[in-house]
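Student: Encoded as structure tokens, here's the structure I'll be asking about.
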Amino acid sequence: MLVLDIQRRLLALGYDLGKSGPAKDGVDGDLGEVSQTAILAALETGKSAPAKPATPATPPKPAIVGSAVPMDWTPAATMKRIIVHWTAGAHRASAVDKSHYHLLIEGDGSLVRGKPSIDLNAATGVKPGYAAHTLNCNTGSIGVSLCCMAGAIESPFHAGVAPMTREQWDELPLVLADLCRRYRIPVGASTVLSHAEVQSTLKIAQRGKWDIARLAFDPGVVGAKAIGDLIRKRTAALLEAAT
Ligand SMILES: [Zn+2]
């Protein structure tokens, strides 16, 4: 390969070769110090270019079961089910939000730990400071909440000022799969469900809760059952892929 060809390829990869040569881009056919440094850097980094790093808006997270929830957030306890909520608040978790749930997923998909520890809601009996997330159904229930839907209206549907985002929706099954595995909770209609399903599935009255009966980013999916089924399907698929 000619020196010129090498220099053109280095340039295409994003390396700065200086200002020499007819096009003032460093392509001059002379294997000078700048070109040599770029060649060595290119050899070290493979084909990646330091001058043009790939920086997506949100770095993709590996969909690996076991990687979403830090181990020290899941103390040993007997837990029966996971109930999924939304906070009816902003995209960031407030102090009040954190006091009600064990885990929260913010608008950008980042996972936040709530104030109560999961073991305070153990199936063997709740302890002071437990997470009060579901009326008359907190014992043995882990509360996971998506930070969103402030000012939302169920009918006619209006998503409010902090609509649920795809980022937090996509993070949810990863979190649920981790929790199901660590607490040996099978994925079923009465074990992994949304708050909106509690009344119909567990027969415990909930005063018109509709989290989650709508997806702000996908108006085609409507109803607690349809969305609950979708949550369970995605969680089960992750667990299956992990085994
Ligand atoms: Zn709720």
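What follows is calculated from the coordinates using simple rules that are stated; it is not laboratory data. If you're wondering where the values come from, they're calculated on a predicted model, not measured in any experiment. A quick note on method: Cβ atoms are made from the backbone with ideal geometry, for glycine too, and the neighbour counts reach across all protein chains shown.
Student: If the chain between Val112 and Ala23 were fully stretched, how many nm would it gain, using 0.36 nm times the residue separation less the Cα-Cα distance?
Tutor: 26.9 nm
Student: Follow-up. So how far apart, in nm, are the two label points at Ala237 and Ile64 if each is 7 Å from Cα heading toward Cβ?
Tutor: So the label points at Ala237 and Ile64 sit 2.1 nm apart.
Student: Here is a further query. Run the reach check for Lys233 against aspartates and glutamates, Cα to Cα strictly under 20 Å, same-chain hits fewer than 8 apart removed. What comes back?
Tutor: In chain and number order, the partners are Glu167, Asp170, Glu171, Asp178, Glu197, Asp211, Asp218.
Student: So who's got an amide H within less than 5 Å of the one on Val192, skipping anything under 5 residues away but keeping other chains? H placed 1.01 Å off N, in plane.
Tutor: Ile82
Student: Determine, for each peptide in 96-106, 233-243, the mean count of other beta carbons within 10 angstrom over its residues, then list the peptides with the highest first.
Tutor: Going from most to least packed, we get 96-106, 233-243.
Student: In nm, to one decimal, how far is the modelled label at Val221 from the one at Lys127, with both set 7 Å along Cα→Cβ?
Tutor: Computed distance between label sites Val221 and Lys127 equals 3.6 nm.
Student: Using the Karplus equation 6.51 cos²θ - 1.76 cosθ + 1.60 (θ = phi - 60°), what ³J(HN,Hα) coupling, rounded to whole Hz, does each residue of the stretch 165-174 give in order, writing x for Gly and Pro?
Tutor: With coefficients 6.51, -1.76 and 1.60, one gets 9, 4, 4, 6, 5, 6, 6, 3, x, 5 Hz.
Student: Is there a pair in Lys80/Lys225; Lys127/Lys209; Lys80/Lys127; Lys98/Lys127 whose C-alpha atoms are over 22 Å apart, and which pairs would that be?
Tutor: Cα-Cα > 22 Å for Lys127/Lys209; rest within.
Student: Exposure proxy check: Glu167, Glu154 ranked by fewest other beta carbons within 10 Å?
Tutor: Ascending Cβ contact count within 10 Å gives the list Glu154, Glu167.
Student: Which order do Val126, Val187 fall in if you start with the one that has the fewest other Cβ atoms within 10 Å?
Tutor: Lowest to highest Cβ neighbour count: Val126, Val187.
Student: May I pose another question? Can you give me the distance in nm between label points at His158 and Thr139, each placed 7 Å from the Cα along the Cα-to-Cβ direction?
Tutor: In this crude label model, His158 to Thr139 measures out at 4.1 nm.
Student: Taking every DSSP beta bridge that has both residues in the stretch 71-242, what percent is antiparallel when rounded to the nearest 5?
Tutor: So the antiparallel bridges amount to about 30 percent of the total.
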